[in-house]
Every structure is written in structure tokens, then in C-alpha cells.
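The values are calculated or read from the model by the stated rules, or taken from the named source; none is laboratory data. Computed from a predicted structure; not experimentally measured. Methodologically, a virtual Cβ is constructed for each residue, glycine included, from the backbone with ideal geometry; neighbour enumeration extends over all protein chains shown.
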Amino acid sequence: MAGQMQIEIENLKCGGCARSILKGLAELPSVTNAEVDMDQQLVKYEGTEATRPQVADKLRAMGYPERGTLHGLSAGVANAKSFVSCAIGRIS
């Protein structure tokens, strides 16, 4: 059964990041009503517990990993990816 889900993320900096996240999550057919809470560093969406890993993987691939899941070099790479996603979000 679908319900309101949320994931606390890292590297969320601005509206460009939020636009990129929303665009990326729109590619997942099992996710609806996605929104980004800039103040709380949260991504909220309608989905099921089964869709959560897909959403987390998509966010990580864009440079916005779930808080506390990456460390060291992996965290640095994710941060660099988030700058690219942010820039794309600003121009799209």
C-alpha cells in the first residue's frame, strides 16, 4: 500500500538541487507527489516501502545520498555529483 515516505539527504544546497531531484524522481513510475523540503534536507514522496531502495539509489546517483550512508571518498564523489546536478537544475 502506498503512503507518504521520506528520506533525509545530504548535499542539498539550493533550488537547482531541488529541481534536479524532482526531475530525477519523476523518472520512477512508482513514485508520485515528490517534494523537497530544503529546510529539513528531506525528500518526501508517495510510494511503498518496496520503492524506497529505488528512490535512495536514484538520489545517491544524482549526488544526494541518504544522510549517513556514505563516508570518505564516496562522500566526496557524491558531493561533486551534487554540484553537477545542481548546475543542471539551475539551467533547466
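Filtering the range 1-18 to residues that are more than 10 Å from the chain's Cα centre (by Cα) and closer than 20 Å to Phe83 by Cβ leaves Lys13, Cys14, Gly15, Gly16.
Of everything in the range 66-92 that is outside any helix (DSSP H, G or I) and of a type outside the set (Val, Ile, Thr), the residue that is modelled with the lowest pLDDT is Ser92.
Residues in the range 10-35 that are closer than 17 Å to Gly89 by Cβ, in contact (Cβ under 8 Å) with a residue 24 or more places away in the chain and touching a strand residue (DSSP E or B) at 6+ places or on another chain (Cβ under 6 Å): Ala18, Ile21, Leu25.
Within the range 12-47, the set of residues being surrounded by 19 or more Cβ atoms within 10 Å (Cβ to Cβ) and under 15 Å from Asp57 (Cα atoms) comprises Ser20, Ile21, Gly24, Leu25, Val31, Val43, Tyr45, Gly47.
For the range 59-92, residues that are of a type outside the set (A, V, I, L, M, F, W, C) and over 12 Å from Ile9 (Cα atoms) total 9. Please determine whether any residue of the range 47-65 is assigned to a helix (DSSP H, G or I), acidic (Asp, Glu) and at pLDDT below 95. Within the range 47-65 (the criterion being assigned to a helix (DSSP H, G or I), acidic (Asp, Glu) and at pLDDT below 95), the answer is yes, since at least one residue qualifies. Do we have Lys23 as modelled with pLDDT under 95, outside any strand (DSSP E or B) and basic (Lys, Arg) here? No: the conditions fail for Lys23. Of all residues in the range 52-80, those that are under 17 Å from Gly24 (Cβ atoms) and surrounded by fewer than 17 Cβ atoms within 10 Å (Cβ to Cβ) have Cβ atoms under 8 Å from Cβ atoms of residues that are at pLDDT below 95 and hydroxyl-bearing (Ser, Thr, Tyr), 6 or more apart or on another chain, in Gln54/Ser30.
Looking across the range 1-20, just one residue is in contact with an Asp or Glu (Cβ under 9 Å, 6 or more places away or on another chain) and part of a helix (DSSP H, G or I), and that is Ala18.
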